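I have placed the structure first, in the form of structure tokens, so that the comments after it can refer back to it.
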Amino acid sequence: MASSLSRTVFFSVLVLLFLHQACAKKAHLHFYLHEILSGSNATVLTVVKAPNSDSFTRGAIAMIDDMLLEGQDENSTLIGRAQGIVAAVGFDGSLETMLNFVFTEEKYNNSTLSIYGRVVLGETIERPVIGGTGMFRMARGYSLAKPLFTSATKLVYEFDVYIWYKEI
């Protein structure tokens with residue numbers, strides 16, 4: 001009896017997951033994240049310094065409010081902001097990020113995507129999309145961020161985000 005009930009529950013869950021996926025909209029978003037590391041227009045603010053260090057190493061925490069641009073050029077159209085927390089966590093220099101992409105342009109205006117995950121600077125970064133709001137309510141998927149430009153004062157990443165969401 002218990003085994004029959006557990007099979008029925010398992011089958012029901014599979015059907016619900018299939019129906020959710022079949023009813024979901026798919027989207028591929030492509031944009032560029034521009035981060036300014038220093039100066040009067042810095043988009044990064046260190047709020048906790050690493051113990052015994054002035055550099056952004058294990059133990060440091062920063063807040064970001066980076067620009068999401070349509071193109072690679074810094075004069076491209078602003079389509080939103082990447083706002084969140086970055087923490088230096090690993091002895092290997094890895095970071096932990098909690099980001100919200102807040103879109104401001106056209107049909108995605110006031111919609112967000114929430115992304116969480118590990119970052120190793122200089123490598124292509126894969127992180128899960130764990131939710132969304134507005135047009136992207138109940139979003140699930142993943143993001144790939146490829147470093148295009150890195151200097152002492154600026155970072156530029158090319159983003160490809162693949163999501164499934166429930167359109168409102």
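The values are calculated or read from the model by the stated rules, or taken from the named source; none is laboratory data. If you're wondering where the values come from, they're calculated on a predicted model, not measured in any experiment. Heads up, the Cβs are rebuilt from the backbone with ideal geometry, glycines too, and the neighbour counts pull from every protein chain shown. In case anyone asks, the SASA skips ligands and DNA or RNA and just uses the protein heavy atoms, side chains included. Shrake-Rupley method; radii C 1.70, N 1.55, O 1.52, S 1.80 Å.
What the table shows:
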{"item": "Scan of segment 134-154 for residues that are over 19 Å from LEU69 (Cβ atoms), open to solvent by 40 Å² or more (accessible area, probe 1.4 Å) and either modelled with pLDDT of 95 or more or not charged (D, E, K, R) (or both), ordered by number", "result": "MET138, ARG140, TYR142, ALA152"}
{"item": "When residues of segment 41-77 are limited to those that are open to solvent by less than 30 Å² (accessible area, probe 1.4 Å) and not in a strand (DSSP E or B), the one nearest to SER143 (Cα to Cα)", "result": "GLY71"}
{"item": "Residue count, segment 155-168 (criterion: in contact with a strand residue (DSSP E or B) (Cβ under 6 Å, 6 or more places away or on another chain) and surrounded by fewer than 18 Cβ atoms within 10 Å (Cβ to Cβ))", "result": "5"}
{"item": "Hey, GLY80 farther than 20 Å from THR153 by Cβ, out of contact with any Gly (no Cβ under 6 Å at 6 or more places or on another chain) and open to solvent by less than 20 Å² (accessible area, probe 1.4 Å) or not", "result": "yes"}
{"item": "In segment 14-40, residue surrounded by the fewest Cβ atoms within 10 Å (Cβ to Cβ) [restricted to those that are of a type in the set (A, V, I, L, M) and modelled with pLDDT of 60 or more]", "result": "LEU37"}
{"item": "Scan of segment 78-92 for residues that are of a type in the set (A, V, I, L, M) and outside any loop (DSSP other than H, G, I, E, B), ordered by number", "result": "LEU78, ILE79, ALA82, ILE85, VAL86, ALA87, ALA88"}
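Yes/no matrix, rows are residues, columns are (1) farther than 20 Å from PRO147 by Cα; (2) within 18 Å of the chain's Cα centre (by Cα):
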residue	(1), (2)
ALA27	yes, yes
GLU35	no, yes
SER38	no, no
ALA42	no, no
PRO51	yes, no
SER55	yes, no
GLY59	yes, no
GLN83	no, yes
VAL86	no, yes
